[in-house]
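In what follows, a structure is listed as structure tokens, so that the remarks can point back to it.
The values are calculated or read from the model by the stated rules, or taken from the named source; none is laboratory data. The shown structure was predicted, so the numbers you read here are calculated from the model rather than taken from an experiment. Glycine gets a Cβ as well: all are built from the backbone with ideal geometry, and neighbour counts include every protein chain shown.
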Amino acid sequence: MLTMTSSRSAEQPVPALVRRPGRPRDARADHAILEAAINLAAEVGLAELTVDAVAARAGVSKATIYRRWDSKEALMLDALSVTHAIHREFGPDTGSLRGDLQELARRAFEALSDNRIASCLPDILAASRVSPELRPLADRLLQEKSEPLRQILARAVKRGEIPADTNFDLVHALMFGPMFFLMFTGHPIKLEFVNSVIDIVLAGLTTTER
């Protein structure tokens, strides 16, 4: 049985990743830069990635990149933010907690099966843990990725499917921790495994024993 304690409200807005102020952004240039960054990082690794190479691949000047991002690590965090398919503005709403969790897990499975993400995410998160400048950006990225699940759990509380004092942070860790563990250790993530994790989480959330 999972004993839950309340965390922050799921309705609290999540701050976006901080970008440098300046002239209005060119969406086409942004897209080209972010795609170039994540593709190159997957090819050569974060350590060998250079802003010069990203600029050449994207067809922009190095100054264009530095007007937007202070470092290649900050650029990669943004690239992962827009590429990571489990992040949507709203969590799926199928009408039931199980259905919502299955759809969210399917998105996560697809995203973490992307070789570019599997290649880049461990390195960039590791770099952020030792960088005072990157750590807030990485924390915001991870918080953004947890927001759809918070919305799902908030709706489940309103429907009476789970207790009002459910700890959303704990549920997020139980849901996605096993997938991230497999990714960081280089093991394949299988959808059957993901569905088994959902069954275990639901068993703890919906138990009537308190």
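A compact table of results
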quantity: Test: residue in the stretch 185-197 that is hydroxyl-bearing (Ser, Thr, Tyr), under 21 Å from ALA79 (Cα atoms) and outside the structural domain of GLU43 (by TED's automatic domain parsing); calculated: no
quantity: Counted residues, the stretch 37-52 - those being within 13 Å of LEU75 (Cβ to Cβ) and either charged (D, E, K, R) or part of a helix (DSSP H, G or I) (or both); calculated: 7
quantity: Any hit, the stretch 160-170, residues being of a type outside the set (Lys, Arg), buried (at least 16 other Cβ atoms within 10 Å of the Cβ) and either assigned by TED's automatic domain parsing to the domain that holds GLY45 or in contact with an Asp or Glu (Cβ under 7 Å, 6 or more places away or on another chain) (or both); calculated: no
quantity: The listed residue being assigned by TED's automatic domain parsing to the domain that holds ALA105, more than 30 Å from GLU43 (Cα to Cα) and of a type in the set (D, E, K, R), out of ARG129, ARG150; calculated: ARG150
quantity: Extreme residue, modelled with the lowest pLDDT, among residues of the stretch 107-137 that are crowded, with 16+ Cβ neighbours inside 10 Å and among the basic types (Lys, Arg); calculated: ARG116
quantity: Residues that are in contact (Cβ under 8 Å) with a residue 60 or more places away in the chain and in a helix (DSSP H, G or I), drawn from the stretch 57-83; calculated: GLU73, ALA74, LEU77, ASP78, LEU80, SER81
